[in-house]
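J.: Got a structure for you, questions after.
The values are calculated or read from the model by the stated rules, or taken from the named source; none is laboratory data. It should be emphasised that the depicted structure is a prediction, and the values quoted were computed from it without experimental measurement. Using ideal geometry, Cβ is built from the backbone for each residue, glycine included, and neighbour counts are taken over all protein chains shown. We work out accessible area using only protein heavy atoms, side chains counted, and drop any ligands, DNA or RNA first. Shrake-Rupley method; radii C 1.70, N 1.55, O 1.52, S 1.80 Å.
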Amino acid sequence: MLPSLLGLTKEELVAQLAEHEQPSYRADQILDWVWKKRPASIEEMSNLPKPLREHLQTHFSLYPLTPARELGSTDTTRKMLFKLHDGRYIESVLIPANPALYGGRADRLTLCVSSQVGCAYACKFCASGLAGFTRNLSAAEIAAQVLQTEMLAKDRIDNLVFMGMGEPLANSKNLMQAIELITSPWGLNLGARHLTISTSGLVPQIRELARHPRQIRLAISLHGATDAVRDQIMPVNKKFPTAELFEALRDWNSNKKQHLTLEYILIEGVNDGLDQARILATHARSLQAKVNLIPYNTVEGLPWKRPEISHCQAFRNILSNAGVTATLRLEKGHDIEAACGQLRLIQETEEGIISPVERKA
Ligand code: SAH
């Protein structure tokens with residue numbers, strides 16, 4: 001399988017072309033085709049000399065993803081299924097008119113991007129880790145989710161959240177290359193402030209990201225305010241307990257202007273005690289972080305339930321009364337299994353691509 005042209009930074013492309021005695025302005029022309037004009041094939045890059053087009057065709061592919069299917073939710077969320085060159089599948093979720101939860105403007109298009117096929121972190125409540133980890137996505141496969149969804153939706157995406165399948169910071173080399181493709185003026189030219197990376201709490205990578213020159217936003221999947229609660233549902237907490245995590249977040253704050261977001265799923269009888277709300281409030285205040293409360297989304301095969309809405313509100317009120325900005329997030333895309341934690345490994349059978357939603361019907 002040929003590598004995708006989409007995976008190269010401008011610098012890398014210039015270097016490639018120099019090896020073939022091509023002037024560097026050819027790199028600008030190629031990047032303009034790839035990221036702006038978006039042709040169907042390399043053949044269509046009409047201002048490149050034919051021998052160069054032929055050279056590119058023998059060494060590179062163009063788009064790394066094949067759109068396989070699109071599911072639309074009654075709430076206007078759309079789930080894009082893409083096939084990868086090795087026959088595996090990933091999903092990206094397009095969420096219109098998202099309220100300004102991650103610092104972006106409201107009434108915009110947000111894309112939820114996957115970073116891995118499967119996930120190794122095995123959070124007890126999440127569908128993505130149920131079938132384990134398969135592989136990292138390449139930088140081209142990550143960035144192409146944005147480019148190719150824009151092509152399918154015929155619209156411009158404003159915000160990205162790295163909250164699809166996988167743990168983005170466990171694939172940080174490819175993620176950072178993808179972020180360069182996404183934020184560079186010659187690439188997708190999206191402002192880094194419109195990008196939010198979500199992590200289950202990988203401390204060394206958080207510290208590294210705190211030193212990244214671009215002003216990317218960070219969200220932490222906390223889901224427990226103490227080790228006793230977090231240990232029960234997130235195995236990663238054994239490796240990076242809350243004290244170490246909060247220390248890394250203080251380090252983030254001393255390097256970055258962007259306020260942190262703490263994500264907190266509410267699972268009945270597991271982490272929704274009001275004592276947890278009080279401890280969470282203390283941490284959020286000291287970190288100057290806002291809190292996103294997410295009533296648990298059902299995952300088939302898992303026993304967890306969401307608390308009554310009145311209980312979720314009581315939990316939120318403790319945070320608000322303590323002076324913490326807290327939102328109780330309304331789910332998107334629950335009916336098409338596109339909501340947080342519902343993306344799972346998709347397999348192809350003789351009957352075609354079968355998703356858990358269809359299997360139930
Ligand atoms: N691995 C990263 C990126 C995935 S983000 C991370 O953990 O942050 C997906 C978000 O959905 C995370 O906050 C995750 O904890 C949350 N989530 C997982 N399962 C969920 C469920 N069943 N209901 C609601 N949110 C869930």
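J.: Just to verify a number: FRET efficiency for residue 250 and residue 214, C-beta to C-beta distance, R0 = 22 Å, to 0.05? Working shown, then result.
T.: Working: r = 21 Å, r/R0 = 0.94.
The pair residue 250/residue 214 has a calculated efficiency of 0.60.
J.: What does DSSP give for the chain in terms of the percent of beta bridges that are antiparallel, rounded to the nearest 5?
T.: Numbers: 21 of 44 bridges.
Within the chain, antiparallel bridges account for around 50 percent of the total.
J.: Over 23 Å between Cα atoms, which of 83/154; 10/83; 257/332; 79/173; 124/256 qualify?
T.: On the way: 83/154 20 Å; 10/83 26 Å; 257/332 29 Å; 79/173 26 Å; 124/256 31 Å.
The pairs that break the limit, which is 23 Å between Cα atoms, are 10/83; 257/332; 79/173; 124/256.
J.: In Å², and per residue, what accessible area does the chain have when probed at 1.4 Å with the other protein chains present?
T.: Details: 15460 Å² over 361 residues.
On a per-residue basis, the chain sits at 43 Å².
J.: Also: Assuming 0.36 nm per residue, please report the length gained on full extension of the stretch residue 1 to residue 156 beyond their Cα-Cα distance.
T.: Numbers: separation 155, 0.36 × 155 = 55.80 nm, distance 2.95 nm.
Gain on stretching residue 1 to residue 156: 52.9 nm.
J.: Out of the total accessible area of the stretch 65-360 (probe 1.4 Å, heavy atoms of protein only), what percent is carbon and sulfur?
T.: Details: 6090 of 11990 Å².
Carbon-and-sulfur percentage of accessible area, whole number: 51.
J.: Could you give each residue of the stretch 284-296 its phi-based ³J(HN,Hα) in whole Hz, using Karplus coefficients 6.51, -1.76, 1.60 with θ = phi - 60°, and x for Gly or Pro?
T.: 4, 5, 5, 8, 6, 9, 8, 10, 9, 8, 10, x, 3
J.: What fraction of the Cα pairs in the stretch 65-360, stated in percent, has a spacing above 25 angstrom?
T.: Values: 19488 of 43660 pairs.
So the portion of pairs separated by more than 25 Å is 45 percent.
J.: Which whole-Hz ³J(HN,Hα) couplings does the stretch 202-207 yield from phi under the Karplus relation 6.51 cos²θ - 1.76 cosθ + 1.60, θ = phi - 60°, glycine and proline marked x?
T.: 7, 4, x, 6, 5, 5
J.: At 7 Å along the Cα-to-beta-carbon direction for both residue 12 and residue 288, put a label point, then send me their distance in nm to one decimal.
T.: For residue 12 paired with residue 288, the spin-label model returns 3.6 nm.
J.: Rank 141, 268, 44 by mean-square fluctuation in a GNM of the chain with C-alpha springs under 10 angstrom and give only the top-ranked residue.
T.: Per the Cα network of the chain with a 10 Å cutoff, 44 tops the list.
J.: So for the stretch 229-331, what percent of the C-alpha to C-alpha distances run longer than 18 Å?
T.: On the way: 2645 of 5253 pairs.
The proportion of pairs with Cα distances above 18 Å equals 50 percent.
J.: Have a look at the stretch 5-59 and give its Rg and Dmax from the Cα atoms, expressed in angstrom.
T.: Both quantities, over Cα of the stretch 5-59: 10.1, 26 Å.
J.: Now for a separate question. Report ³J(HN,Hα) in whole Hz for each residue of the stretch 332-342, in order, from the Karplus equation J = 6.51 cos²θ - 1.76 cosθ + 1.60 where θ = phi - 60°; Gly and Pro get x.
T.: Karplus values, whole Hz, x for Gly and Pro: 10, x, 4, 5, 10, 6, 10, 7, 3, x, 9.
J.: Report the extension gain between residue 29 and residue 275 in nm, rounded to one decimal, defined as 0.36 nm multiplied by the number of residues separating them, less their alpha carbon distance. Working shown, then result.
T.: Details: separation 246, 0.36 × 246 = 88.56 nm, distance 5.87 nm.
Roughly 82.7 nm would be gained on extension.
J.: So for the stretch 68-216: antiparallel DSSP bridges make up what percent, rounded to the nearest 5?
T.: Numbers: 16 of 22 bridges.
Percent antiparallel among DSSP bridges in the stretch 68-216 is about 75.
J.: Report, by chain and number, residues whose modeled amide H sits under 5 Å from the one on residue 4, excluding near sequence neighbours (fewer than 5 apart, same chain).
T.: 61
J.: Grab the beta carbon distance between residue 239 and residue 86, set R0 = 30 Å, and tell me the FRET efficiency rounded to 0.05. Present the calculation step by step, with values, prior to reporting the outcome.
T.: Numbers: r = 29 Å, r/R0 = 0.98.
E(calc), rounded to 0.05, equals 0.55.
J.: Further question: Quick one: check the C-alpha center-to-center distance for the stretch 106-151 versus the stretch 221-242, whole angstrom.
T.: Value for the Cα centre distance between the two parts: 22 Å.
J.: Select from 116, 94, 225 the residue farthest towards the positive end of the dipole of the stretch 65-360; place +1 on Cβ of Lys and Arg, -1 on Cβ of Asp and Glu, and compute about the Cα centre.
T.: 225
J.: Need the C-alpha centroid separation for the stretch 321-339 versus the stretch 1-46, integer Å.
T.: Comparing the Cα centres of the stretch 321-339 and the stretch 1-46, I get a distance of 41 Å.
J.: Here is a further query. Explain nothing, just the number: dipole magnitude of the chain about its Cα centre with +1 on each Lys and Arg Cβ and -1 on each Asp and Glu Cβ, in debye rounded to the nearest 20.
T.: Details: 41 positive and 39 negative charges, 183 e Å.
Rounded to the nearest 20 debye, it is 880 debye.
J.: Find how much the distance from residue 192 to residue 124 grows on full extension, using 0.36 nm per residue of separation minus their present alpha carbon separation; answer in nm with one decimal. Walk me through the intermediate numbers first.
T.: On the way: separation 68, 0.36 × 68 = 24.48 nm, distance 3.12 nm.
Working it through step by step, the gained length comes to 21.4 nm.
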